[in-house]
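Structure first, then comments.
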Amino acid sequence: MVMLTYKVPDSITANAVNEGYDEFDINEFFRAETIEKGKPKFARFIYKDDVQKWIKMIQGNYMPVDGLKLGTERPPMPFSDVTLLNVLSHTL
């Protein structure tokens, strides 16, 4: 098993803070609302822009520096670094 952990920058997660505990809430981050436009119903993310930034970040296409100590090198991102691709067949 290979585990990769990343600190998601505050600029992405700021909207999804559980105010009662002052911590990031993944359920809030990926919360969606149902929209009815004829049939069938569909859903969209409440924080669509932040979710898009997160997707771009794990693809290696967006790397904000707020609160991160990157040094001179960018960390390998899971869906952009070819050395990590072979361990991503079962991802969560």
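The values are calculated or read from the model by the stated rules, or taken from the named source; none is laboratory data. The shown structure was predicted, so the numbers you read here are calculated from the model rather than taken from an experiment. For neighbour counting, all protein chains shown are included, and Cβ atoms are generated from backbone atoms with ideal geometry for every residue, glycine included.
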Hits in the range 1-30 (condition: of a type in the set (A, V, I, L, M) and assigned to a helix (DSSP H, G or I)): I12, A14, A16, I26
Qualifying residue in the range 12-21 (condition: loosely packed, with under 13 Cβ neighbours inside 10 Å and either at pLDDT 90 or above or within 27 Å of L85 (Cβ to Cβ) (or both)): no
Residue list for the range 36-49, restricted to those being closer than 26 Å to R74 by Cβ and either in a loop (DSSP other than H, G, I, E, B) or of a type in the set (A, V, I, L, M) (or both): Y47
Among (1) over 30 Å from T83 (Cα atoms); (2) outside any strand (DSSP E or B), the one test that E33 misses: (2)
Selected residue (only one of G67, G71 is modelled with pLDDT under 80, surrounded by 10 or more Cβ atoms within 10 Å (Cβ to Cβ), of a type in the set (G, A, S) and more than 12 Å from the chain's Cα centre (by Cα)): G67
